[in-house]
Amino acid sequence: MTNYSAWRLLVEGLKGQTGWSPAWRAPDPKPRYDVVIVGGGGHGLATAYYLAKVHGVRNVAVLERGWLGGGNTGRNTTVIRSNYYYPESARIYDFALELYEGLSRDLNYNVMFSQRGMFLTAHSRHDLEGAARWVGAMQLNGIDTEMVSVDEIKRRIPILDTSPNARFPVWGGFTQKRAGTARHDAVAWGYARAADRLGVDIIQNCEVRGFFKNESGRISGVETSRGTIATDIVGLAVAGHSSVMAELAGFRLPLTSYALQAFVSEPLKPVLDTVALSLATGLYISQSDKGGLVFGGALDHYPSYAQRGNSPTVRSVAAAVADQMPSLGRVRIARHWAGIVDVTHDSSPILGETPVPGLYVNCGWGTGGFKAIPAGGYVLAHHLATGRAHELAEPFSLKRFATGALIDEAAASGIAH
Amino acid sequence: MLLIECPWCGPRDEIEFHCGGQSHIARPEPYDQVSDETWGDYLFTRINPKGLHLERWVHVFGCRQWFNVARDTVTHEVKAVYRMGEAAPSTEAEAGR
C-alpha cells in the first residue's frame, strides 16, 4: 500500500503516475469474522478502523449494500461542530471534533477539514435570549463558543442582509471558531483505506438480508447477498435503515426515518468563508473549495425512505437563501438530493446494546451524523471490543427511552424538526 | 408535491397538511400497571417501515381535522385515505401494521 506524501506525489509525477496502488482491496467475504459491521459509511468504517487500531481486533468485515459512503456520509452538508447544549452531548461531539482535528494525519489521508468557524444568527429578541442561554451552557461545558455582535456578523458574512429592513433582521448571534467543514467522501475513503491497511475486509455490494441466532438468542451470523457469514458480534451503523435491520433481527427502535435534502449551487467566486446558520429559517450554508454554495434547511416532514427531495422543501430552502442573502437570489441550483436520516424523539443518538445479545447499534444521529463520525466509530469499537459501553456513550443507550433519561437536543441539533 | 385527499375538503397539496406519525397506536392499560418498558415503547418505539405506512395526518391549513393515510414510504404513493376510528381499508394495508 502506498503512503501518501508530498515526496511520493513528486516521485509519481516524474514516473507518470504509474506506481499508485488501489486505496483498498476488494476481498471476497470469509466464512467467519470476529466482528461484522453492517454499513460502509463513515460510522461503520470508523468503527472498523478503531477496532483494528485501538483494540487490535483485525479479523473484521465491513458489509456495504451499495458503495462506500454512498448513503448519508456522501449526502450531508459537511458541517462539523460541537456546540450542543447538554454536557453529555458536548462531551461526545467535542471528542469527535478533536479527532477530526488530527484525522488527516492519523489516516494519512487529506480529509480537508477546514476550521473556518461557524456563525449562528439570531433574528428576534427571543432568538437572542435563547442564544445567550445556549452559549452560557456551552461555555460551562467547555465548548469554545461566544456571543457576537451584529457588526461582527456583518464583517464575517457580508452577503447576509443585516439591514434594519431585512426580511429577517439580525439581532446578533454566536460563533464556534473550531467548527468547520470537511470533504465528506474523503472521510469515508480515508477510514476505509486506513482500516484496510490494518487487515479489515471491506466488502461492497453485499446486502445483509437476515441474522442468525443460536439457541440462547445470541447473534451467530448474518445472511448476505454474497453468502452466509458466521460471527458472534455485529455492529449496525446503517443510519436511516436502522429500523429495517432491527426488524430483520426481531426488534424495533425508537426511530423515524425522514428525507433531509441538501443543495449545491453553480460555482461562484468566494463569497462566504465561514458556515452560517440562521435560527429563524433553519438555513445553513457554506461554500466549498470548488465554489459551490452547499446548503440545506429543514427535513421533509413525513416518514420517507426515498433518497430524493420534495418540491415544497426545495422552495422553502431556496426562499430562505433569497430572503437572507439577496445577492444570491439569482444563483442557480446545480444539484439537490436527499439522505435518509434516523431521528429519535430527543434528537440524540442511540449507542450500544440492543435486545439481541451480540448485536450493537450506532444510530439515531438524525440530521447530524457526519460531524460525529470519529466519535461514533470510536465508542462503538470500544463496545464491540470490550463488551462495555465507552463512558462517552453510556448516556445514549437504548435504555433511556424506558428510564426517561432523554437528552433533548431538539434545539441544538440546529435544524427545524 | 403530494396530492392528499382530505376526507372533508377533497384533494389538496401536501403543504396544507402536517403528518402526525404512525397511526393505530393503542395506549397500554391499565395505566397503573404499565411497566416502564411498555410505556417507553408506547411513547417512542415506532415500526418505521420501508414500504407501506399507516399514518395520521391533519389538514392544518384547512378543516383542521385528523384522518389516516396509508402511504408508501419509498414511492410516497398515497394508497388510501380513511377516517379516524376506521380500520385500515384493505388487507394490503395490513402489511405495514
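The values are calculated or read from the model by the stated rules, or taken from the named source; none is laboratory data. Just so we're clear, the structure is a prediction, and the values are computed from it rather than from any experiment. Positions of Cβ are generated from backbone atoms using ideal geometry, with glycine treated the same way; all protein chains shown enter the neighbour counts.
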Query raised in the report: Out of (1) surrounded by 12 or more Cβ atoms within 10 Å (Cβ to Cβ); (2) over 20 Å from residue A:205 (Cα atoms), what's the single condition that is false for residue A:69?
Result: (2)
Query raised in the report: Is it the case that region A:343-356 has a residue that's crowded, with 22+ Cβ neighbours inside 10 Å, over 22 Å from residue B:47 (Cα atoms) and at pLDDT 95 or above?
Result: no
Query raised in the report: Going through region B:1-36 one residue at a time, which ones are part of a loop (DSSP other than H, G, I, E, B), in contact (Cβ under 8 Å) with a residue 40 or more places away in the chain and not aromatic (Phe, Trp, Tyr)?
Result: B:2, B:7, B:9, B:23, B:24
Requested in this report: Looking only at region B:37-73, count how many residues are part of a loop (DSSP other than H, G, I, E, B) and over 24 Å from residue B:16 (Cβ atoms).
Outcome: 6
Report task. List the helices (runs of 4 or more DSSP H) that sit entirely inside region A:36-150 and contain at least 2 residues that are closer than 24 Å to residue A:395 by Cα and touching a residue at least 24 places away in the same chain (Cβ under 8 Å). Result -> A:42-55, A:87-101, A:125-140
Query raised in the report: Do we have any residue at all in region A:209-224 that's over 23 Å from residue A:332 (Cα atoms), within 14 Å of another protein chain (Cβ to nearest Cβ) and surrounded by fewer than 23 Cβ atoms within 10 Å (Cβ to Cβ)?
Result: yes
Query raised in the report: Residues A:279, A:236, A:260: which one is modelled with pLDDT under 95, buried (at least 21 other Cβ atoms within 10 Å of the Cβ) and under 23 Å from the mean Cα position of the chain (by Cα)?
Result: A:279
Report task. For residue B:44, state whether it is touching an Asp or Glu at 6+ places or on another chain (Cβ under 6 Å) and of a type in the set (Phe, Trp, Tyr). Result -> no
Requested in this report: Provide a single number: the residues in region B:39-58 that are more than 7 Å from every other protein chain (Cβ to nearest Cβ) and over 13 Å from the mean Cα position of the chain (by Cα).
Outcome: 5
Query raised in the report: Condition test on residue B:88, is it small (Gly, Ala, Ser), more than 14 Å from chain A (Cβ to nearest Cβ) and over 21 Å from residue A:253 (Cα atoms)?
Result: yes
Report task. Could you look through region A:238-291, keep only residues that are in contact (Cβ under 8 Å) with a residue 60 or more places away in the chain, over 30 Å from residue A:156 (Cβ atoms) and assigned to a loop (DSSP other than H, G, I, E, B), and pick out the one that is farthest from the other protein chains (Cβ to nearest Cβ)? Result -> A:250
Report task. Could you look through region B:79-97, keep only residues that are at pLDDT 90 or above and touching a Ser or Thr at 6+ places or on another chain (Cβ under 9 Å), and pick out the one that is surrounded by the most Cβ atoms within 10 Å (Cβ to Cβ)? Result -> B:79
Report summary line: Selection from region A:292-313 of residues facing another protein chain (nearest Cβ under 7 Å), of a type outside the set (Gly, Ala, Ser) and in contact (Cβ under 8 Å) with a residue 40 or more places away in the chain yields A:301, A:302, A:303, A:305, A:310
Query raised in the report: Pick from region A:290-342 the residues that are within 20 Å of residue A:160 (Cα to Cα) and within 21 Å of the chain's Cα centre (by Cα): which of them is surrounded by the most Cβ atoms within 10 Å (Cβ to Cβ)?
Result: A:295
Report summary line: The number of residues in region B:32-67 that are surrounded by 20 or more Cβ atoms within 10 Å (Cβ to Cβ) and more than 17 Å from residue A:256 (Cβ to Cβ) is 1
